[in-house]
Amino acid sequence: MGDKNIILTGDRPTGRLHLGHYVGSLKRRVELQNSGKYDDIYILIADDQALTDNADNPRKIRDNIVNVVLDYLSVGIDPKKTTICVQSALPALHALTFYYTNLVTTARLSRNPTVKSEIQMRGFAEEGLPTGFFIYPVSQAADITAFNANVVPVGEDQLPMLEQAREIVEKFNRIYGETLVLPTAMIPENEMQRRLPGVDGKAKMSKSLGNCIYLSDDSKTVKKQVNGRMFTDPTHLQITDPGHTEGNVVFTYLDALCNDGHFAEYLPEYANLEEMKEHYRRGGLGDGTCKKFLINILEETLSPIRAERAKWEADIDSVYDIIKEGTEKAIETTNETLARVRKAMKIDYFEDRSIIGEWKELLKH
Ligand code: TRP
């Protein structure tokens, strides 16, 4: 324990994955997977976590498990190198969650900024807050620790979850002795990649806002989202007007996605993004040209992903076997951690009969 490099990441299967997931996390996961630097890499399909705010709609979760796995496979997650598993099939996670809830106060949970904003977004402030949703950061700590993960690559919004997990680990180890691995968050270096806004400039891509570009969208849909919905600079009325690149979604996406090679290929007038931005700020560069460039980059990024998805879609039996086998491996890993936790907590009564001797000693008078 603790001397291995182990990665865990996860996603809630509530919909297809989008470009925000790709630049914020998926791309990095594939690079890490192929770096050869990790002893084990797990991806958790967090269906239990998804149920904490979808208790009335289990169908949605069930249906989206396949979508999310297809998205993983199509971006290059290789099941030979990365174990893909399903949370609800890992009973050790439930037990760990239950023990960890004792180490976290309700006041602490109430301060979690990501949960706070999610409570607002979902209307739980008015309707009432499901307990399961309130404590999902604890269950996420169970996910992370159960796999002995020391590295957790996530988007910026997940930092409070990692902070919570670290606190639980520190408290657990303090009370029960060194047992759990302390995890570290790994977030994208490129600031724009940490939090890609929706095409309309809203902070988050969300299905209900219709401001997403999904990895599985066809070319026509992507073009429509960029040309029809992508927010630019409302003060840039004429091409010759000086423009703003900050808060301009086209440039935010370019910041997140483009490299100098893209300029050589699609927009050789500029050597790099800085030169292009300068022209836009000066005036004389139209939104149409910028959008066209972005569409080219999006196509280059998404077309191999689409092709790979089509292959896997034609072989759903294999997709099923991949997550079944991954889950079987994950059951073993997480059960081992639970056994270690129970031992540390001295509640492993039925692992051996030595407790009988202790009891007898205790009852001697
Ligand atoms: N909360 C994460 C999200 O919404 C999903 C998740 C669940 C997760 N368990 C995890 C991420 C463990 C990293 C590690 O994206």
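The values are calculated or read from the model by the stated rules, or taken from the named source; none is laboratory data. What you are looking at is a predicted structure, and each value in this text was computed from that prediction instead of being measured. Positions of Cβ are generated from backbone atoms using ideal geometry, with glycine treated the same way; all protein chains shown enter the neighbour counts.
Residues that are more than 14 Å from the ligand (Cβ to nearest atom) and modelled with pLDDT of 95 or more within the stretch 17-39 comprise L19, V30, E31, Q33, N34, S35, G36, K37, Y38, D39, listed in sequence order. Exactly one residue out of R59, R108 is of a type in the set (K, R), closer than 18 Å to I168 by Cβ, at pLDDT 95 or above and away from the ligand (no atom under 15 Å from the Cβ), and it is R108. Counting only helices (runs of 4 or more DSSP H) that fall entirely inside the stretch 179-257 and contain at least 1 residues that are at pLDDT below 95, the qualifying elements are 191-194, 249-257.
Residues in the stretch 158-171 that are surrounded by fewer than 20 Cβ atoms within 10 Å (Cβ to Cβ) and farther than 18 Å from I43 by Cα were compared, and the one that is nearest to the ligand (Cβ to nearest atom) is P160. Contact annotation: residue pairs with Cβ atoms under 8 Å, 6 or more positions apart or on different chains, pairing a residue in the stretch 353-365 that is surrounded by 10 or more Cβ atoms within 10 Å (Cβ to Cβ) with a partner that is of a type outside the set (S, T, N, Q), are I355/Y349.
Matching residues to (1) over 19 Å from the mean Cα position of the chain (by Cα); (2) surrounded by 14 or more Cβ atoms within 10 Å (Cβ to Cβ); (3) touching a residue at least 40 places away in the same chain (Cβ under 8 Å):
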{"position": "L180", "(1), (2), (3)": "yes, yes, yes"}
{"position": "P197", "(1), (2), (3)": "no, yes, yes"}
{"position": "S206", "(1), (2), (3)": "no, yes, no"}
{"position": "V226", "(1), (2), (3)": "yes, yes, yes"}
{"position": "L237", "(1), (2), (3)": "yes, no, no"}
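Out of all the residues in the stretch 341-365, which are assigned to a loop (DSSP other than H, G, I, E, B) and either of a type in the set (A, V, I, L, M) or at positive phi (or both)?
First, pick out the residues of the stretch 341-365 that are assigned to a loop (DSSP other than H, G, I, E, B): 345-353, 364-365.
Once the filter is applied, which keeps residues that are assigned to a loop (DSSP other than H, G, I, E, B) and either of a type in the set (A, V, I, L, M) or at positive phi (or both), the stretch 341-365 yields M345, K346, I347.
None of G15, G36 is free of Cβ contacts under 8 Å to residues at least 12 places away in the same chain and assigned by TED's automatic domain parsing to the domain that holds T337 except G36. If you go through the stretch 192-212 one residue at a time, do you hit one that is in contact with a helix residue (DSSP H, G or I) (Cβ under 7 Å, 6 or more places away or on another chain), assigned by TED's automatic domain parsing to the domain that holds M121 and within 18 Å of L44 (Cα to Cα)? Scanning the stretch 192-212, I find no residue that is in contact with a helix residue (DSSP H, G or I) (Cβ under 7 Å, 6 or more places away or on another chain), assigned by TED's automatic domain parsing to the domain that holds M121 and within 18 Å of L44 (Cα to Cα), so the answer is no.
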